[in-house]
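Here's the structure, in structure tokens; my notes come after.
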Amino acid sequence: MPKKQFKSESKRLLDLMINSIYTHKEIFLREIISNSSDALDKLCYLSLTDSGVGLSRSDFAVEIKVDKENRLLSISDNGIGMSQKDLEANLGTIAKSGSRSFKEDLKDAQDAQDNIDIIGQFGVGFYSAFMVADEVTVISREYGSDAAHKWHSTGADGYTVTEAERSAAGTDVIIKLKENTDDEDYDRFLNDYTIVSLIKKYSDYIRYPIRMEREKSRPKEGGDPEKHEMETYTEIETLNSMVPIWQRGKSEVTQEDYNQFYREKFFDFEAPLDTIYMDAEGVVSYKALLFIPAKASYDYYTKEYKKGLQLYSSGVMIMENCSELLPEHFRFVKGVADSPDFSLNISREMLQHDRQLKVIAKNLEKKIKNELLKMLTNNRETYGKFYKAFGLQLKYGVVSGFGANAELLQDLLMFSSSYSDKPTTLAEYVTRMKPDQEHIYYATGDSAARIAALPQTEIIREKGYEILYFIDEVDEFVANSMRKYQDKTFQSANNEDSTLRSDEEKKVVEKAQEDNRNLLEFMKETLGDRVSKVIISGKLKSHPVCLTADGALSFEMEKYLNAVQPDMSQKAERVLELNSGHEIFQSLSDAFLNDKDKAKKYTEVLYNQSLLMAGLSIDDPVAYSDMVLSLLK
Ligand code: ADP
């Protein structure tokens with residue numbers, strides 16, 4: 001019998017399949033089963049109005065059989081089936097999608113059930129069988145016809161269609177598996193266990209039972225219990241659970257069900273902090289079930305962690321980790337998204353340009369943000385847990401987009417503050433601002449206690465202004481990226497800030513600066529390159545000195561940058577600030593006039609004090625200690 005040739009574009013696709021563009025050959029099973037599921041949808045729909053079908057909803061099924069000896073794997077369904085013409089048109093061409101024209105027919109029929117839902121545009125599905133097969137045989141009988149036909153192909157060289165037998169409407173797809181090669185194990189597709197796990201993985205939620213006869217063993221009846229005699233028997237098992245949890249209405253599912261699903265699917269011991277359910281209809285219809293984990297997984301902050309949601313198209317899993325659905329700043333979210341509008345695309349590249357996917361991703365981002373805000377407002381304790389696990393991620397989110405995501409994320413941020421030992425949001429800070437307060441003040445350090453003790457924060461607190469304590473290394477970068485929150489600029493406590501001083505106070509400082517010029521120069525000379533300036537300060541109250549950073553780089557940033565880029569050796573400009581109203585300053589001035597050597601020692605001691613208070617280490621602790629002791633004598 002002469003072989004018929006595939007249409008040219010089909011042939012091209014087939015070549016691609018044979019040479020496997022799918023990285024995972026195993027998905028062929030999903031593709032074939034999903035075709036069966038479509039065929040079942042069609043006949044099932046017909047059965048609603050045509051009693052001649054003689055089957056009810058529960059009769060429709062997919063059946064899997066394995067013939068190890070002959071290396072055959074067959075997938076059968078009692079769906080709508082195909083005529084000879086269909087076999088030629090559908091399996092000989094890819095351009096014509098049977099499901100699509102069926103959908104058109106449905107529209108014309110006017111009586112379309114709302115919930116019928118047949119996925120078209122599967123495109124390449126069937127051909128994926130050739131990734132694992134030497135030979136594919138399809139035996140099919142169309143509903144309403146007595147004749148059955150057999151389509152057979154060994155790949156790119158064409159196919160034949162001949163007459164065949166089949167007792168009822170439906171289709172058998174019989175795959176003859178390739179022999180094992182050095183780098184590919186095809187035998188595994190003959191193994192019960194592999195098949196069961198593939199179906200669990202990819203087709204669990206196909207809405208018809210997928211059945212397979214399995215061999216099992218049990219204690220032999222009438223056997224000697226002492227000898228543990230066993231006998232084997234076969235049992236038909238349904239391999240899939242059929243209804244995805246996200247397809248069930250929210251009211252039908254308990255939180256415990258959701259938690260269970262989350263734990264099993266995403267391998268977490270703990271229940272999620274929050275479950276987000278979405279059922280959207282509109283430009284794109286989809287359902288999504290999202291989870292906020294209670295903890296960051298051990299690999300969360302490493303490169304190994306893969307963000308993304310599982311992507312389904314009407315219960316058929318098409319991607320394990322669709323990263324396009326989640327923005328980087330919400331990469332901790334786990335879950336699934338399912339839309340009948342997704343096509344089972346063959347590559348990730350295609351998904352990246354998928355407009356529907358983009359629409360969904362935007363909606364999910366908005367929803368996640370709102371849910372987190374809700375948690376923050378209604379359940380502060382839970383939010384605290386969340387923030388402990390993923391707060392840093394949000395802060396990085398603000399910084400990494402050069403502030404592009406600042407508006408989206410700013411209300412989710414929390415910081416330690418001088419107000420209380422609980423973290424505060426920026427919005428809360430602003431509501432507590434004093435009427436004359438223009439800025440949001442912050443100070444950096446390794447702990448709240450340490451920052452609270454910084455001399456330069458005293459005068460700010462004295463004014464009744466709250467100070468954010470920037471403890472995370474990234475905090476200051478966050479403030480720099482945002483620049484403002486609700487029109488209030490961020491102001492470092494290190495910054496000589498005009499609002500803190502009246503003109504009068506300013507004049508006093510300026511005058512002291514002028515009066516003590518010689519002393520200040522002397523001190524700068526003594527300290528050399530260790531400081532860039534020695535000045536009279538306007539921001540000190542009860543402390544005699546403090547060390548501040550001049551310019552863009554703060555001490556915390558210096559530490560951070562030196563940790564991430566050790567060879568760059570970045571250094572913040574150090575300014576030694578003196579409190580001219582302090583009695584120590586008087587002693588210093590006296591020493592400067594009467595005993596230069598003593599004045600030098602005072603300078604060294606004050607400088608080292610300021611280093612310690614700024615949370616920096618002193619260069620030579622022994623020399624420092626000796627100096628203090630010599631002054632005590
Ligand atoms: P798609 O499913 O995207 O249309 P496929 O190559 O997977 O592409 O299948 C081509 C067509 O073959 C299907 O649209 C359908 O009409 C037909 N077909 C495939 N498998 C079956 C089946 N088990 N029963 C009935 N028709 C089928």
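The values are calculated or read from the model by the stated rules, or taken from the named source; none is laboratory data. On a predicted model such as this, the values are computed, not experimentally measured, just so you know. Cβ: placed from backbone, ideal geometry, glycine included. Neighbour counts: every protein chain shown. Just the protein is used for accessible areas: all its heavy atoms, side chains included, with ligands, DNA and RNA removed. Shrake-Rupley method; radii C 1.70, N 1.55, O 1.52, S 1.80 Å.
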* Please name all residue pairs, on different chains or six or more residues apart, with Cβ atoms under 7 Å, provided the first residue is in segment 27-50 and is more than 10 Å from the ligand (Cβ to nearest atom) and the second residue is charged (D, E, K, R). => 44/57
* Structure fact -> Counting only residues that are assigned to a helix (DSSP H, G or I), in contact (Cβ under 8 Å) with a residue 40 or more places away in the chain and polar (S, T, N, Q), segment 557-612 contains a total of 4
* How many residues does segment 289-318 hold that are within 17 Å of residue 202 (Cα to Cα) and either among the polar types (S, T, N, Q) or surrounded by fewer than 17 Cβ atoms within 10 Å (Cβ to Cβ) (or both)? -> 3
* Structure fact -> Pairs returned, first residue in segment 56-76 that is farther than 19 Å from residue 37 by Cα, second residue that is of a type in the set (Val, Ile, Thr), beta-carbon separation under 6 angstrom, 6 or more apart or interchain, are 72/174
* Structure fact -> When (1) at pLDDT 95 or above; (2) over 22 Å from residue 262 (Cα atoms); (3) among the hydrophobic types (A, V, I, L, M, F, W, C) are applied to residue 284, the one that fails is (1)
* Asked: Can you pull out the residues in segment 380-431 that are open to solvent by less than 60 Å² (accessible area, probe 1.4 Å), more than 19 Å from residue 444 (Cβ to Cβ) and among the charged types (D, E, K, R)?
  -> 411, 428
* Structure fact -> With criteria (1) modelled with pLDDT under 95; (2) within 37 Å of the chain's Cα centre (by Cα); (3) surrounded by fewer than 22 Cβ atoms within 10 Å (Cβ to Cβ), residue 33 comes up short on (3)
* To do: Tally the residues that are modelled with pLDDT of 85 or more, open to solvent by 30 Å² or more (accessible area, probe 1.4 Å) and closer than 30 Å to residue 181 by Cβ, restricting the search to segment 140-164.
  => 3
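Residues checked against (1) among the β-branched types (Val, Ile, Thr); (2) without any contact (Cβ under 8 Å) to a residue 60 or more places away in the chain:
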site: 398; (1), (2): yes, no
site: 402; (1), (2): no, no
site: 417; (1), (2): no, yes
site: 422; (1), (2): no, yes
site: 432; (1), (2): no, yes
site: 447; (1), (2): no, yes
site: 453; (1), (2): no, no
site: 459; (1), (2): yes, no
* **Within segment 165-193, considering residues that are buried (at least 16 other Cβ atoms within 10 Å of the Cβ) and among the β-branched types (Val, Ile, Thr), the one nearest to the ligand (Cβ to nearest atom)** => 171
* Can you name the number of the only condition in (1) at pLDDT 85 or above; (2) surrounded by 12 or more Cβ atoms within 10 Å (Cβ to Cβ) that residue 102 fails? -> (1)
* Filter segment 263-278 for residues that are touching a residue at least 24 places away in the same chain (Cβ under 8 Å) and farther than 24 Å from residue 210 by Cβ; which is least open to solvent (accessible area, probe 1.4 Å)? -> 276
